[in-house]
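The values are calculated or read from the model by the stated rules, or taken from the named source; none is laboratory data. Note that this is a predicted model, so its numbers are computed, not measured. With ideal geometry, Cβ positions are generated from the backbone for all residues, glycine too; neighbour counts draw on all protein chains shown.
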Amino acid sequence: MRAFLVVMDSVGIGGATDARAFFNGDRPDTGADTLGHIMQACAEGRADQGRSGPLHLPNLASLGLFHAHALATGAGDVNPPTPQGLWGCANEISKGKDTPSGHWELAGLPVPWDWHYFPDTQPAFPPELSQLAAQIAGTDGILADCHGSGTVMIDQFGAEHVKTGKPICYTSADSVFQIAAHEEIFGLQRLYDLCEALAPHLHKMKVGRVIARPFVGEPGNFTRTANRHDYAITPPSPVLTNWVQDAGRAVYAIGKIGDIFSMTGIDEVRKGTDAQLMTHLSDLIDTAKEGSLTFANFVEFDSLYGHRRDIAGYARHLEWFDAELGRLLPRLREDDMLLITADHGNDPSWSGTDHTRERVPVLIAGKGAGALGQIAFTDVAASIATHLNVPAQGPGVSFL
């Protein structure tokens, strides 16, 4: 009896009833639909770069992905196949449409406060915060001090950073303070130390994460590396990982899960690219201990394709994930539970570059077949706790 909780980062399925209260620039998220708009683009031949034709997701379809999408959006009947797993769609109550909000709530804890967001101005940060960052870095200032995309920031400020040593500090529509620095010239450990020293000050402001964004290369050819590290606020109450660990069970974190939960309730972390993370997940399906929880996040849907508004790339990644899933499902043990979901949306057809407020799919292998209906994010944690026979401490209700 083991549980595998897999988050397809940003694979929303539309339909959030409160989408009108969330924005990309001046445009409300009403009508955003990550999966639906990718499906539409593929069907219309607008996503044929590196792939072609309608979106092909046979394994996710067999678990009920398209049925969950129809439920979330009210799109009507779905063509076969009839789902062979449990399926439904989940609604979030936390006021953020970001990584910590979604993951904390999936783990049983709705965010109990409003996150702090920096204004979309330049400068974006209070002078005292910028001065503190420079002081800790040992420089006479910072660069950027604005909203921006990470790749744009290093293209725009990377050469000056290399010349002056000043850290590139920027934010986004999420509650984050991000610092980009050259791994070799500034130093990777120095970047980590800077972020770690700043994190308590940002967390007091209820800024969710300080993110180290290392890069390498030369002016005109900078590339971000896989050594990103998030310094997130520790959840203020026990979450699913704690429930499982406190019951004496092993908890494995794949991807940025360890960062999201500040390592609370986690025994082992495995990181890398999504391809490497899939290898880790495959390995744990064979080796994870009895009674354990494996909690995985596949971030590249979001980081490489959603924010960059790359519909074809997002479709390719969905099809890659689906093919890999087809290799994993037959290897689950008889009493295993595999639950696939998402933390928010990031519609690549939408304006702006921010996440989009959407419902998310809940697809389950190993617990029979049938419709779950519309459930709460917190019900995911409660149901995994039920499956593992550990006490749940959150407000969710098990659907098992």
**Complete:** Scanning the stretch 156-183 for residues that are part of a helix (DSSP H, G or I), charged (D, E, K, R) and more than 25 Å from the chain's Cα centre (by Cα) gives Glu160, Lys163
**Request:** Considering only residues that are of a type in the set (A, V, I, L, M, F, W, C) and buried (at least 23 other Cβ atoms within 10 Å of the Cβ), look in the stretch 366-381 and name the one that is nearest to Ala72 (Cα to Cα).
**Result:** Phe377
**Request:** Please identify the pairs in which a residue from the stretch 65-84 that is within 15 Å of Ala365 (Cα to Cα) and modelled with pLDDT of 95 or more has its Cβ atom under 9 Å from the Cβ atom of a residue that is β-branched (Val, Ile, Thr) and not in a loop (DSSP other than H, G, I, E, B), counting only partners at least 6 apart or on another chain.
**Result:** Leu65/Ile340; Ala68/Val360; Ala68/Val362
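Conditions (1) surrounded by fewer than 23 Cβ atoms within 10 Å (Cβ to Cβ); (2) out of contact with any Leu (no Cβ under 9 Å at 6 or more places or on another chain); (3) polar (S, T, N, Q); (4) within 26 Å of Trp104 (Cα to Cα), marked per residue:
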{"position": "Phe295", "(1), (2), (3), (4)": "no, no, no, yes"}
{"position": "Ser303", "(1), (2), (3), (4)": "yes, yes, yes, yes"}
{"position": "Asp322", "(1), (2), (3), (4)": "yes, no, no, yes"}
{"position": "Pro330", "(1), (2), (3), (4)": "yes, yes, no, no"}
{"position": "Glu334", "(1), (2), (3), (4)": "yes, yes, no, no"}
**Message:** Residue under question is Gln40, and the condition is that it be under 25 Å from Ala323 (Cβ atoms), in a loop (DSSP other than H, G, I, E, B) and either within 18 Å of the chain's Cα centre (by Cα) or not β-branched (Val, Ile, Thr) (or both); does it hold?
**Reply:** no
**Request:** Would you check which residues across the stretch 44-61 are without any contact (Cβ under 8 Å) to a residue 60 or more places away in the chain, over 28 Å from Leu339 (Cβ atoms) and small (Gly, Ala, Ser) and list them?
**Result:** Gly45, Ser52, Gly53
**Request:** From the list Asp347, Asp267, pick out the single residue that is of a type in the set (D, E, K, R), surrounded by 21 or more Cβ atoms within 10 Å (Cβ to Cβ) and touching a strand residue (DSSP E or B) at 6+ places or on another chain (Cβ under 9 Å).
**Result:** Asp347
**Criterion violated by Gly352 - all others in (1) closer than 20 Å to Ala41 by Cα; (2) crowded, with 18+ Cβ neighbours inside 10 Å; (3) among the small types (Gly, Ala, Ser) satisfied** = (2)
**Request:** Any chance you could count how many residues in the stretch 1-33 are surrounded by 17 or more Cβ atoms within 10 Å (Cβ to Cβ), over 30 Å from Arg249 (Cβ atoms) and in contact with a helix residue (DSSP H, G or I) (Cβ under 7 Å, 6 or more places away or on another chain)?
**Result:** 7
**Message:** Residues that are farther than 29 Å from Ala323 by Cβ, assigned to a strand (DSSP E or B) and among the polar types (S, T, N, Q): does the stretch 70-91 have at least one?
**Reply:** yes
**Asked** Out of all the residues in the stretch 111-139, which are of a type in the set (Gly, Ala, Ser) and surrounded by fewer than 20 Cβ atoms within 10 Å (Cβ to Cβ)?
**Response** Ser130, Ala134, Gly138
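Is it the case, given these coordinates, that Gly248 is farther than 22 Å from Pro200 by Cβ and either surrounded by fewer than 18 Cβ atoms within 10 Å (Cβ to Cβ) or without any contact (Cβ under 8 Å) to a residue 24 or more places away in the chain (or both)?
yes
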**Request:** Output the residues belonging to the stretch 204-230 that are touching a Ser or Thr at 6+ places or on another chain (Cβ under 8 Å), within 15 Å of Leu129 (Cβ to Cβ) and surrounded by fewer than 22 Cβ atoms within 10 Å (Cβ to Cβ).
**Result:** Lys206
**Message:** Restricting to the stretch 63-90, name every residue that is surrounded by fewer than 14 Cβ atoms within 10 Å (Cβ to Cβ) and of a type outside the set (Gly, Ala, Ser).
**Reply:** Asp77, Asn79, Pro80, Pro81, Thr82
**Asked** Taking the stretch 11-35 as the region of interest, how many residues are in contact with a Ser or Thr (Cβ under 6 Å, 6 or more places away or on another chain) and not in a loop (DSSP other than H, G, I, E, B)?
**Response** 4
**Prompt:** Can Thr287 be described as out of contact with any Ser or Thr (no Cβ under 7 Å at 6 or more places or on another chain), farther than 19 Å from Cys42 by Cα, among the hydroxyl-bearing types (Ser, Thr, Tyr) and surrounded by fewer than 16 Cβ atoms within 10 Å (Cβ to Cβ)?
**Reply:** yes
**Request:** With the condition kept exactly as written, say whether any residue in the stretch 311-327 is at pLDDT below 95 and charged (D, E, K, R).
**Result:** no
**Request:** Say whether the condition of being outside any loop (DSSP other than H, G, I, E, B), within 23 Å of the chain's Cα centre (by Cα) and buried (at least 23 other Cβ atoms within 10 Å of the Cβ) is met by at least one residue in the stretch 53-62.
**Result:** yes
